[in-house]
1. Hey, got the dipole for region 49-247? About the Cα centre, +1 on K and R Cβ, -1 on D and E Cβ, debye to the nearest 20?
2. For GLU229 and THR150 in one chain, what is 0.36 nm times their gap in residues minus the Cα-Cα distance, to one decimal in nm?
3. Multiplying the sequence separation of ASN218 and GLU166 by 0.36 nm and subtracting their Cα-Cα distance, what value in nm do you get?
4. Neighbouring Cβ atoms within 10 Å as the yardstick, rank MET139, MET232, MET154 fewest first.
Amino acid sequence: MLQPALSLVLEALKEIRESQEKTFRVSRATLNRLLESRRHQNVPDIAGRAASLGRVRDRVCVCTKCPHLARSRTQTVFGVGNPDAELMFIGEAPGADEDARGEPFVGRAGQLLTRIIETMGLSRDEVYIANILKCRPDMPKGTPGNRPPTPQEMQTCIGYLIEQIEIIQPRVMVALGATAVEGLLGARGVMRELRGKWHSYHDTPLMITYHPSYLLRNQSPGEKRKVWEDMMAVLEELDRPISERQRNYFL
Ligand code: SF4
């Protein structure tokens with residue numbers, strides 16, 4: 001019932017915008033956002049999308065395609081957020097904190113990502129966050145820290161992320177770090193050359209930026225500012241207003 005109602009609203013807004021009467025006004029950005037929401041007319045509603053994601057999650061929970069990771073993980077880390085999200089963040093793999101909690105980006109890097117999202121005027125519940133790999137890459141016993149996934153591990157797991165993207169159909173995606181880029185686009189590149197530019201993932205605009213853990217290692221204000229500029233480009237692509245305070249913000 002929601003889509004016919006949305007169509008009526010769209011028609012009414014168009015009429016208002018095109019009429020000579022100036023009593024009511026609708027911004028081009030608002031109209032574009034409503035029009036964009038029509039993209040979802042042919043896909044299941046939000047409850048349907050949540051159910052579809054649930055079915056993929058059920059398969060991931062019991063997945064043993066990488067026997068060594070299935071043995072070493074505490075649990076799989078599927079993804080979190082809005083099944084109807086306009087914006088999707090993609091990282092590389094769970095670390096120790098994520099493996100313990102079963103949720104992506106909850107450690108120190110995750111807290112920084114949350115701050116970035118909130119400074120964008122969004123919340124973790126509004127976007128969707130997932131990784132290329134759903135299991136924590138194993139480490140030799142007693143060795144602290146995390147390791148990046150191997151190309152073989154990414155190739156084995158990427159199908160689940162592709163299913164998540166196809167169900168959610170985000171308007172914009174953000175790849176966090178070189179490993180996420182390699183998992184999504186199949187090629188490893190130099191981050192300083194890749195970031196800050198629009199790329200495309202099957203016709204969905206893809207912004208590449210540094211992984212938050214890189215910013216934790218490299219506290220240079222210049223590098224932090226670059227990530228923030230990438231996020232402002234994302235807000236513009238989403239037709240979201242950017243305040244003066246946001247424009248002057250440094251992470
Ligand atoms: S990393 Fe992915 S493919 Fe490998 S066992 Fe975990 S869920 Fe399965």
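Here, each number is a calculation from the coordinates, and none is a lab measurement. Here the structure is a predicted model, which means the values were calculated and not measured. Every residue, glycine as well, gets a Cβ built from its backbone with ideal geometry; the counts of neighbours run over all protein chains shown.
1. It comes to approximately 640 debye.
2. Length gained between GLU229 and THR150: 25.4 nm.
3. Gain on extension, ASN218 to GLU166, equals 15.3 nm.
4. Placing the least packed residue first, the sequence is MET139, MET232, MET154.
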